[in-house]
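Working notes, structure below.
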Amino acid sequence: MEQTNTSTLQRVLNKVEIWGNKLPDPAALFILLLSFVWVISWALSGIDFDVIDPRTGEQLVINNQLSGAAMAQFFSSMVTNFSHFHPVGVVLVAMLGIGVAEYSGFINAGLRALMAVTAKWLLTPMIIMVGIVSHSAVDAGYVLVIPLGGVIFYAAGRHPLAGIAAAFAGVSGGFSANFVPSSVDPMLQGITQAGAQLLDPSITLNPLNNYYFTALSSIVIISLGWFITDKVVEPKLQKNKLDGDLSDLPSMEPLKDDERKALRWALLSTGVGIAILVITASFENSAWRAADGSLTAFSAPLMKSIVPLIFFLFLIPGLVYGIAIGTISNTKQFVAGMSKAMESMGYYLVIMFFIAQFIYAFGQSNLGILLAVEGAEFLKAMSLPAGVTITGIIFLTGFINLFVGSASAKWALLAPIFIPMLMQLGISPDLAQAAYRIGDSSTNIITPLMPYFPLVVVFCQRYVKSAGIGTLTAMMLPFALSFLVVWTIFLLLYWSVGIPLGLQASYEYIPG
């Protein structure tokens with residue numbers, strides 16, 4: 001019976017893979033969407049929809065983006081559309097610091113140190129937690145934490161595939177659960193703000209507008225992942241016999257004396273930097289504060305410096321570690337770490353270029369406002385509770401995520417529609433973004449279209465030669481479904497209690 005279920009699941013996943021492969025590359029997808037906006041704006045430009053523009057109080061008009069004036073404006077602003085697109089700068093700046101930390105070996109040493117001091121019974125939650133924290137280093141978790149999960153479980157006498165599953169759940173399934181701010185926060189906030197400004201040009205959002213929620217969500221994901229790994233997944237994996245070549249497994253070597261010493265210096269430098277920040281920000285007349293003395297106001301220099309602070313949070317300890325251990329002994333190696341990080345961002349920049357052009361044309365056309373107003377009227381007519389609407393957003397995002405894996409590309413597509421529509425219903429962009437992050441994270445681990453999914457299959461085959469897409473999906477399905485349902489319930493409960501979502505965040509949108 002179990003074999004039949006596995007075979008059925010394999011066939012379903014093969015169908016999903018075939019359908020997903022028919023989708024164009026994300027960059028090409030936004031080229032097609034840009035063309036679609038042009039054509040639709042031309043077709044609808046002469047129609048009277050009898051809709052009032054909530055921004056101006058006047059009749060809403062669809063602007064033809066194929067007109068001579070619109071096309072001239074599009075070409076003349078193409079460069080600034082891209083260079084001024086908020087997510088581009090924040091991600092690149094953060095990655096410069098992270099690149100030095102990765103290049104020097106600081107991130108690697110830090111993760112190994114965390115694992116070395118963990119008791120055997122705490123291996124599962126520690127691996128999930130490290131997977132969550134690894135989001136700060138973007139893709140480092142996929143290539144470092146996930147294989148380490150298998151090695152650690154194997155060394156502890158447990159099934160290595162369970163370790164891989166736990167690590168994968170933390171790195172990818174819990175992508176939006178993190179108690180350490182990362183470049184993901186300002187990236188999504190930038191897209192959310194761009195979508196919100198289609199309806200309210202004056203609105204601004206804090207880069208950490210979901211921080212409290214994502215921080216507490218990490219406890220939910222770690223606890224739930226711990227239970228699923230130890231009580232559901234690992235017992236079933238006992239039937240999967242280890243028949244791989246285990247002779248070439250990387251050993252879980254403890255830190256060497258020089259690595260340990262270098263790590264201490266790096267962590268000390270981090271502590272000193274944080275202490276300096278706390279002390280300088282504690283004075284009432286601190287330059288970090290806004291004019292009203294607030295540290296958390298959007299206008300406060302501290303809040304505007306979140307991305308540069310993330311940059312230094314990784315740059316300084318990475319540099320100190322590299323100098324102490326010898327991986328960075330001259331300025332060329334220092335710059336090489338940043339350059340290597342930028343090399344990995346080439347594809348991201350290509351996608352962002354076309355996303356920026358699409359968002360510009362979509363905003364200029366007024367199609368997003370039309371969809372938002374009409375969609376809001378439809379939802380109002382249905383009289384659905386706000387909680388039901390938010391739940392629908394989460395599950396719809398989770399479904400779309402099976403086919404479009406990029407968090408930024410997907411949100412760039414959905415935010416211009418979801419955000420203004422929900423704002424019309426009185427739901428804040430902060431809450432809409434939190435709902436999106438749940439749906440985006442939960443189903444990452446069950447889609448073969450996620451770029452790192454095949455790599456994780458290879459990690460599994462190191463221990464079990466017959467492991468394939470079905471094996472990995474069967475392992476991760478309990479995580480995905482549980483995360484999607486429990487995390488959604490957690491958001492609804494969190495909302496009902498009224499705990500702040502993050503800095504300067506709200507649950508309701510009230511037009512200014």
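The values are calculated or read from the model by the stated rules, or taken from the named source; none is laboratory data. All figures in this text were calculated on a predicted structure; none of them were measured in a lab. Backbone-built Cβ (ideal geometry, glycine too); neighbour counts: all protein chains shown.
Table: residues versus (1) of a type in the set (D, E, K, R); (2) out of contact with any Lys or Arg (no Cβ under 9 Å at 6 or more places or on another chain).
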site: Glu259; (1), (2): yes, no
site: Leu268; (1), (2): no, yes
site: Phe283; (1), (2): no, no
site: Gly293; (1), (2): no, yes
site: Ser305; (1), (2): no, yes
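Among the residues in segment 76-93, are any aliphatic (A, V, I, L, M), modelled with pLDDT of 90 or more, in contact with a Phe, Trp or Tyr (Cβ under 8 Å, 6 or more places away or on another chain) and assigned to a helix (DSSP H, G or I)?
No: zero hits.
From the list Phe353, Phe362, exactly one residue is modelled with pLDDT of 75 or more, in a helix (DSSP H, G or I), among the hydrophobic types (A, V, I, L, M, F, W, C) and crowded, with 21+ Cβ neighbours inside 10 Å. Which is it?
Among Phe353, Phe362, only Phe362 is modelled with pLDDT of 75 or more, in a helix (DSSP H, G or I), among the hydrophobic types (A, V, I, L, M, F, W, C) and crowded, with 21+ Cβ neighbours inside 10 Å.
In segment 191-205, which residues are of a type outside the set (A, V, I, L, M) and surrounded by fewer than 24 Cβ atoms within 10 Å (Cβ to Cβ)?
Those that are of a type outside the set (A, V, I, L, M) and surrounded by fewer than 24 Cβ atoms within 10 Å (Cβ to Cβ): Gln193, Gln197, Asp200, Pro201, Ser202, Thr204.
Inspect segment 207-222 for any residue being modelled with pLDDT of 95 or more, within 20 Å of Arg112 (Cβ to Cβ) and surrounded by 12 or more Cβ atoms within 10 Å (Cβ to Cβ) and give the result as yes or no.
Yes, because at least one residue in segment 207-222 is modelled with pLDDT of 95 or more, within 20 Å of Arg112 (Cβ to Cβ) and surrounded by 12 or more Cβ atoms within 10 Å (Cβ to Cβ).
In segment 158-234, which helices (runs of 4 or more DSSP H) lie fully inside it and hold 2 or more residues that are under 29 Å from Leu422 (Cβ atoms) and in contact with a Gly (Cβ under 6 Å, 6 or more places away or on another chain)?
211-227
Looking only at segment 27-72, which residues are among the polar types (S, T, N, Q), touching a residue at least 24 places away in the same chain (Cβ under 8 Å) and closer than 18 Å to Pro201 by Cβ?
Asn63
So Ser104 passes all but one of these: (1) at pLDDT below 90; (2) under 24 Å from Val143 (Cα atoms); (3) in contact with a Gly (Cβ under 6 Å, 6 or more places away or on another chain). Which condition number does it fail?
The number of the failed condition is (1).
Quick one: would you say Val143 is more than 23 Å from Trp265 (Cα to Cα), in a helix (DSSP H, G or I), modelled with pLDDT under 80 and touching a Leu at 6+ places or on another chain (Cβ under 9 Å)?
Criteria met by Val143.
So Val133 fits all but one of (1) in a helix (DSSP H, G or I); (2) hydrophobic (A, V, I, L, M, F, W, C); (3) more than 27 Å from Lys340 (Cβ to Cβ); (4) in contact (Cβ under 8 Å) with a residue 24 or more places away in the chain; what number is the exception?
With respect to (1) in a helix (DSSP H, G or I); (2) hydrophobic (A, V, I, L, M, F, W, C); (3) more than 27 Å from Lys340 (Cβ to Cβ); (4) in contact (Cβ under 8 Å) with a residue 24 or more places away in the chain, Val133 is out only on (3).
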